[in-house]
Amino acid sequence: AVLQRCKELGLPISMMDTSFFLSRETLISTIRPGMARWRERLFISMAKNAVSATDFFKIPANRVVELGTQIEL
């Protein structure tokens, strides 16, 4: 919506000339106390089934830079 508004205001934005920086988290189940193991696994599977930001915002895949981290639950 913001890029579309830029076009309306006369600021030419080309999706193929723009770089997008996204984050990616990899969730890891651990034996540490806290959340029950089955809940961790359920949460991880739900997170894996979520739509990626690239798909959700319809960003061309060749214009994306992804930076990742691992998160232990």
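Here residue 32 qualifies as farther than 30 Å from residue 16 by Cβ, basic (Lys, Arg) and not in a helix (DSSP H, G or I). For region 1-12, a residue qualifies if it is open to solvent by 60 Å² or more (accessible area, probe 1.4 Å) and over 19 Å from the mean Cα position of the chain (by Cα), and the qualifying residues are 4, 5, 7, 8, 9, 11, 12. Considering region 13-68, and only residues there that are under 16 Å from the mean Cα position of the chain (by Cα), under 19 Å from residue 2 (Cβ atoms) and without any contact (Cβ under 8 Å) to a residue 40 or more places away in the chain, the residue that is least open to solvent (accessible area, probe 1.4 Å) turns out to be 54.
The values are calculated or read from the model by the stated rules, or taken from the named source; none is laboratory data. This structure is a prediction, so every number in the text was calculated from the model and none was measured. Because the Cβ atoms are built from the backbone with ideal geometry, glycine has one as well, and the counts that use them run over all protein chains shown. Accessible surface is based on the protein model in full, side chains and every heavy atom, while ligands, DNA and RNA are left aside. Shrake-Rupley method; radii C 1.70, N 1.55, O 1.52, S 1.80 Å.
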